[in-house]
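A short write-up of the structure that comes next.
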Amino acid sequence: MENKPKCPGGWPSIFATGGTEGSRDWLNGDLEVYIEPYRARFEWPAGYPRRIKISDDLLDWNTPFPDYDPPYFVAESVLANDVSINSAGWADPEDVALVVDLPRESIEGPLLFDAQGRPLNPRGRCGIAGRGLLGKWGPNFAADPIVTRINSKFGDVELLAVQRRDNDLWAIPGGMVDRGEEATRTLVRELAEETGVTLEMGRGRLIYRGFVDDPRTTDHAWIETTARHLHLDEAAGGALELQAGSDARRVNWLPLTEKSLGKLYAGHGYFVVSALAMLHREQPQLLPESMVQMLRNYYL
Ligand code: RP5
C-alpha cells in the first residue's frame, strides 16, 4: 500500500496505482480506482438499528465468528413493495427462496451465500442482516453520472450535484437501475429526472464499476454502480438549465474543494476525484493549478 493516498476527513481510502506496482507517478501510469472497505459499517440511515461493531480481522466471511448475531432489518417500504405480494412493487420477495433471478455473481465477482441462501456482502460483515432500505437481495445496481465544468470567473472546478431529500447531503445525481434497463440508459434517465439536464452520458469516460460505500449497506444487500464522467466546456456548462426533481431537493453547480468533496454522499467524493485525475492525465493544461495540487494531495 505504498502509494495509498491521504484520506482527508477520515474517508475510506481510494487510491491509484501507476503502471508499475508501487509507482507514485499516478498522472502518467495506468490509473485504476480502488475502494477499500469500508465506512458504511460505521454508519446507518435513520430508522436502521445500530450496527454491531466489526473489527478489521473479522470482516472476512471466511473468518470464523461463531457469536456473530447482527440485528435483522428490512424497511417497511421494502416489505410493502415485495413483488410476490404486490405486482407493482420494486423489491424482491422477503423469502429469498422465492427470488427467481437471484444473481450468483456481481460486478465484484462470484458471490458467497450463507446457509439460508442469502447472498453475502463482498466487502464482508457490516453488522446488520437483512436488506435494510435496499430492495434486492445481493447487489442493487445503480448508475452515477458525473458532470463537471470549470467556472473561470471564480477559478473553480464544479460538479453538477444534487442535494438528497433523504439526508440533505450533496451527491452525484445517480439512481437505481430499473429492471431490464442498461446502466447507460439509467445514467441519462437519472440525470434528467434529478437535474432537468439531458446529456449523452454514454459518451462519458467510464470511471468506476463496483461496490459503493453506501450507508444503506447490509450483510445481504448492497449497491454496485457504474460511474461515467463528462466534462463540459464553459459554454456548454453555462447553457444548461437546472431543475431539481425526483429525489433531489436542490440541484446546483458545486465548487469542488477538499471540504466539499469530503462531504459528498457515500463514496461519491472519490469517484469525482478519480474522474478529475483521469481528465487531467488526458488534458494536462485544462484544470486550474489549485485543483491539480488537490488531486496530488489525494494520490501521493
Ligand atoms: C449511491 O446511491 C449510488 O452511488 C447512487 O448514487 C445512489 C442510488 O440510490 P438512490 O439515489 O436512488 O437512493 O450509493
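The values are calculated or read from the model by the stated rules, or taken from the named source; none is laboratory data. Everything numeric in this text was worked out from a predicted model, so none of it was measured. Using ideal geometry, Cβ is built from the backbone for each residue, glycine included, and neighbour counts are taken over all protein chains shown.
Do we find that Arg131 is away from the ligand (no atom under 11 Å from the Cβ) and crowded, with 23+ Cβ neighbours inside 10 Å in this structure?
So Arg131 fits the description; yes.
Which one of the conditions (1) near the ligand (Cβ under 10 Å from one of its atoms); (2) under 18 Å from Thr226 (Cβ atoms) does Arg164 fail to meet, given that it meets all the rest?
Arg164 satisfies all of (1) near the ligand (Cβ under 10 Å from one of its atoms); (2) under 18 Å from Thr226 (Cβ atoms) except (2).
Against the condition surrounded by 14 or more Cβ atoms within 10 Å (Cβ to Cβ) and modelled with pLDDT of 95 or more, how does Val33 come out, does it pass?
Answer is no for this residue.
Sort out which residues of segment 104-119 are in a loop (DSSP other than H, G, I, E, B) and under 20 Å from the mean Cα position of the chain (by Cα), and write them in order of number.
Passing the criteria: Ile107, Glu108, Leu111.
Okay, residues lined up against (1) more than 11 Å from the ligand (Cβ to nearest atom); (2) at pLDDT 95 or above:
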residue: Tyr208; (1), (2): no, no
residue: Asn252; (1), (2): yes, yes
residue: Glu258; (1), (2): yes, no
residue: Gln283; (1), (2): yes, no
residue: Tyr299; (1), (2): yes, no
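Determine the pairs where a residue that is over 17 Å from Arg41 (Cβ atoms), located within segment 59-87, has a partner that is small (Gly, Ala, Ser) and not in a loop (DSSP other than H, G, I, E, B) with Cβ atoms under 6 Å apart, the partner being 6 or more residues away or on another chain.
Val74/Gly130; Val78/Ala91; Asn81/Ala91; Asp82/Ala91
When both residues are 6+ apart or on different chains and their Cβ atoms are under 8 Å apart, which pairs have a first residue that lies in segment 116-130 and is more than 15 Å from Pro66 (Cα to Cα), and a second that is among the β-branched types (Val, Ile, Thr) and in a strand (DSSP E or B)?
Gly130/Val74
So, of the residues in segment 107-121 that are over 13 Å from Trp61 (Cβ atoms) and modelled with pLDDT of 95 or more, which turns out to be surrounded by the most Cβ atoms within 10 Å (Cβ to Cβ)?
Gly117
Tally up the residues in segment 162-218 that are of a type in the set (Gly, Ala, Ser) and within 11 Å of Val147 (Cβ to Cβ), please.
1
What do you reckon, is Arg185 within 14 Å of the ligand (Cβ to nearest atom), out of contact with any strand residue (DSSP E or B) (no Cβ under 7 Å at 6 or more places or on another chain), assigned to a helix (DSSP H, G or I) and modelled with pLDDT of 95 or more?
Judged against the criteria, Arg185 is not a match.
Give the number of residues within segment 167-182 that are closer than 18 Å to Val272 by Cα and more than 10 Å from the ligand (Cβ to nearest atom).
2
Residues of segment 38-66 being in a loop (DSSP other than H, G, I, E, B), in contact with a strand residue (DSSP E or B) (Cβ under 9 Å, 6 or more places away or on another chain) and within 17 Å of Asp214 (Cα to Cα), which ones?
Result: Tyr38, Trp44, Pro45, Gly47, Tyr48, Pro49.
Of Ala239, Ala275, Ala248, Ala244, which residue is more than 30 Å from Trp61 (Cβ to Cβ) and without any contact (Cβ under 8 Å) to a residue 40 or more places away in the chain?
Ala239
Residues that are closer than 23 Å to Val197 by Cβ and either more than 14 Å from the chain's Cα centre (by Cα) or hydrophobic (A, V, I, L, M, F, W, C) (or both): find the strands (runs of 3 or more DSSP E) completely inside segment 120-176 holding 2 or more of those.
In segment 120-176, the matching strands (runs of 3 or more DSSP E) lie at 138-151, 156-164.
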